[in-house]
Amino acid sequence: MKFATLTAAGLLALGAALPAAAQQRITVNIGSSHPTTNIWAYAMKEAFQPEVDRILKAGGGKYEVRWRENYGGTLYKFTDTRAAVRDGIVDVGMVGTVWENSAMPLQNVTYFTPFATTNHELMIEIFDKLNVTVPALRNSWATQNMVPLSSLITDTYDIYANFPIRTMADLQNKKINAPGTSANWLRETGSTPVDGALTTYYTNIQTGVTQGALSFASGIGPARVYEVAKHLTRVDIGAMYFGSVAANKRFFDNLPKDVQDAFVQAGKAASKAHGAHVTKTANAALETMKAAGLQISDLPPAEKAKWVNGLPNIVQPWLQATGENGKAVLKAYFDELRARGVKPLRDWDGQNR
């Protein structure tokens, strides 16, 4: 009894010497299907993580995050980004909704409305807002057990080919790599879309499977496609919303409020860093490609108008599949574009009837 009393007294004395509130460590599994050198994963490592740490430290250091990094496809590949975050394989991850048109079609609105804007940093700003303010989009993420934190984009799409394009007639009977939904952008152009990815374009063009690819500078440059496709024709099909860095909702909801707030604030910082990084990467890629002999030209305005106005109403099937939710997302997206002074080359939102 005497020993127990002394031990209790000692513990009380020790407790008095400790801080009133001990730091709580929270483990966060974060990862992506791509390495951090990739434009979509870069800001997760270089902006989101350090910003969460900074905010928590500035808030008094009550919480500390222990990051368990799983970048570069160590846990899952690009076809599984939605399932990985949804199912908690990672707590925070890069989600490519562009690969999830069946499960998350609303997020792919930009791919059905080309020639809207080439400003990829503006695209980030718009979708950071829409994912929070448009109920259909917010509910779509929640239904997948995810909370979007930071929007991901591409810079503008153009044509990289082994032949020059001066008129629309030059596209006749040509085979162009156009992955997924982007195949719609070639309808009525006389060319044939061929599915593919940045990892296949080089070999496809080199072996004659295709003569070119629809793509963006920040992707084409690192893939060195310019070595076999010496002509870049600026078409400015537009920047595209690609997906988001997202948190598993169940995990997020169980975080302390201070940590939730840090995640949201850090997501905004990651968005800004992502946009600036894509700008820098795209500009650097263009300089590298020009130095390597890439020939760059602009499709003449009259020919571009033929392309834009000659497309069928490619948004209509998407609207039929997504119903009233699709109409709401399309309207909100184009309202945000115009509110920022953008004049889309085609009013896709006026063709939804």
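Here are the numbers for the structure shown:
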{"read-out": "DSSP-defined antiparallel bridges as percent of all bridges, the chain, nearest 5", "value": "50 percent"}
{"read-out": "Full-stretch length increase - Gln351, Ala305 - with 0.36 nm per residue and alpha-carbon distance subtracted", "value": "14.8 nm"}
{"read-out": "Option label - Rg and Dmax of the Cα atoms in Å computed here, alternatives (i) 22.6, 76; (ii) 23.9, 98; (iii) 23.0, 69", "value": "(ii)"}
{"read-out": "Estimated distance in nm for a label pair at Ala169 and Arg54, the labels positioned 7 Å out from Cα along Cα-to-Cβ", "value": "5.6 nm"}
{"read-out": "Loop trypsin sites (Lys or Arg not before Pro), region 148-223 (other Cβ atoms within 10 Å of the site Cβ: 16 or fewer; DSSP)", "value": "Arg166, Arg187"}
{"read-out": "Beta bridge orientation in region 145-223: antiparallel %, DSSP, nearest 5", "value": "45 percent"}
{"read-out": "Per-pair calculated FRET efficiency, R0 = 35 Å: Lys62 and Lys331 via Cβ, rounded to 0.05", "value": "0.25"}
{"read-out": "Computed [θ] at 222 nm, deg cm²/dmol, the chain (DSSP H ≥ 4; -39,500 (n - 2.57); rounded to nearest 500)", "value": "-13500 deg cm²/dmol"}
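Taken together, the values in this text are just the output of simple stated rules run on the coordinates, not laboratory data. Predicted, not measured: the structure shown is a model, and the values here were computed from it. FYI the Cβ positions are ideal-geometry reconstructions off the backbone, even for glycines, and counts take in every protein chain you see.
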